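The structure under discussion appears below in the form of structure tokens.
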């Protein structure tokens, strides 16, 4: 597998490391900074601003490989793994209580047939 800085046979890299680093930096930005109404970039959507900015002519697949090599996955969100709101447990308890009460009410309501 070729890396951005060369391959195992010592062949020169197809893309300078500066381009690869800039692509990775763009991948870590929110799409809103590029005027896109997206929560996260997909591979294709990331390729577009990279080309428009003139960063590199690399394909979307090549960019994906660069990101994959460093485990950068802007199209995946992992925020559910980490509670960022210190009041999350209390808020979640209120929601589950409300949902539970609503489901009990609907279960006890007479049905019309």
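The values are calculated or read from the model by the stated rules, or taken from the named source; none is laboratory data. From a predicted model like this one, the values you see are computed outputs, not experimental measurements. Ideal geometry is used to build each Cβ from the backbone, glycine not excepted, and the neighbour counts take in all protein chains shown.
Is it the case, given these coordinates, that residue 102 is loosely packed, with under 11 Cβ neighbours inside 10 Å, part of a helix (DSSP H, G or I), more than 22 Å from the chain's Cα centre (by Cα) and modelled with pLDDT under 75?
In short, yes.
Please identify the pairs in which a residue from segment 55-74 that is under 16 Å from residue 25 (Cβ atoms) has its Cβ atom under 6 Å from the Cβ atom of a residue that is modelled with pLDDT of 85 or more and part of a loop (DSSP other than H, G, I, E, B), counting only partners at least 6 apart or on another chain.
Pairs found: 56/15; 58/15.
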